1. How many nm separate the modelled label positions at Gln68 and Lys114, each set 7 Å beyond the Cα in the direction of the Cβ?
2. Over segment 47-97, one equal point on each Cα, no solvent: what is log10 I(q)/I(0) by the Debye formula at q = 0.13 Å⁻¹?
3. Please give the length that would be gained between Thr27 and Asn39 if that part of the chain were fully extended, namely 0.36 nm times their separation in residues minus their C-alpha to C-alpha distance (nm, one decimal).
4. Of all DSSP beta bridges in segment 21-158, what percent run antiparallel (nearest 5)?
5. Please sort by residue number the GluC sites (Glu not before Pro) in segment 31-96 whose DSSP state is loop and whose Cβ has at most 10 other Cβ atoms within 10 Å.
6. Using only the alpha carbons, work out the radius of gyration and Dmax of segment 21-158 in angstrom.
7. Please report, in Å, the Rg and the Dmax of segment 112-159, where both are computed over Cα atoms only.
8. Can you give the extra length, in nm with one decimal, that the chain gains between Asp84 and Val156 once fully stretched, where that is 0.36 nm per residue apart less the Cα-Cα distance?
Amino acid sequence: MKSPFALVCLCLFSLTLTSCSKEDITTDVQFLEASYFGNCFYYSGENPKSIVIRDQDTYENYFAGLRQSAVNKDCSNALPTPIDFDKYTLIGHWTSGGGCTASYDRNVIQQGNKEVIYSVSTVYSGGCAMYIFNMNWALIPKIKNRTDVVFNIEEVYDTE
């Protein structure tokens with residue numbers, strides 16, 4: 001006959017294996033502004049709304065498509081700020097709306113090696129007709145190619 005202690009240990013071990021994976025709020029995240037990449041890259045709503053960049057070639061190709069001057073200077077050879085893609089993955093999601101100001105609340109949650117959730121909540125305030133847009137870049141610790149990135153985007157208009 002097995003001891004009750006062994007049975008309890010076996011049950012606890014089984015529960016550990018079948019329990020839900022822990023959600024970790026990724027603490028080593030840098031939320032980047034467009035100026036981080038230099039002033040020779042122009043983002044527009046015509047580009048993909050969401051992007052995950054895991055390597056140097058994708059990074060260079062993506063920014064080559066954005067290379068143009070918004071301030072009338074020669075940007076033909078400009079390169080974006082270097083990123084070590086052995087250590088980091090760059091993710092971003094486009095938001096745009098109207099108002100006098102916009103405020104952003106961003107966070108990144110990683111669920112094991114299978115999924116990263118990037119949440120962006122944007123509040124556009126005021127009755128101005130100004131158009132406000134942002135790519136909402138986040139530089140996160142390197143994720144595996146099999147890891148999915150899910151973007152949860154909320155845009156709220158407060159005209160008061």
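Any read-out appearing in this document is the output of simple, stated calculations on the displayed coordinates, not a laboratory observation. All of these numbers come straight from a predicted model, not from anything done at the bench. Methodologically, a virtual Cβ is constructed for each residue, glycine included, from the backbone with ideal geometry; neighbour enumeration extends over all protein chains shown.
1. 4.2 nm
2. -0.37
3. Stretched fully, the Thr27-Asn39 segment lengthens by 1.5 nm.
4. On the way: 31 of 42 bridges.
Once the DSSP bridges in segment 21-158 are tallied, antiparallel ones form about 75 percent.
5. Numbers: sites: Glu33, Glu46, Glu60; in loops: Glu33, Glu46.
Sites meeting the loop and neighbour criteria: Glu33, Glu46.
6. 15.8, 51
7. Values for segment 112-159 (Cα only, Rg and Dmax): 14.9, 43 Å.
8. Values: separation 72, 0.36 × 72 = 25.92 nm, distance 3.46 nm.
The span from Asp84 to Val156 would gain 22.5 nm if fully extended.
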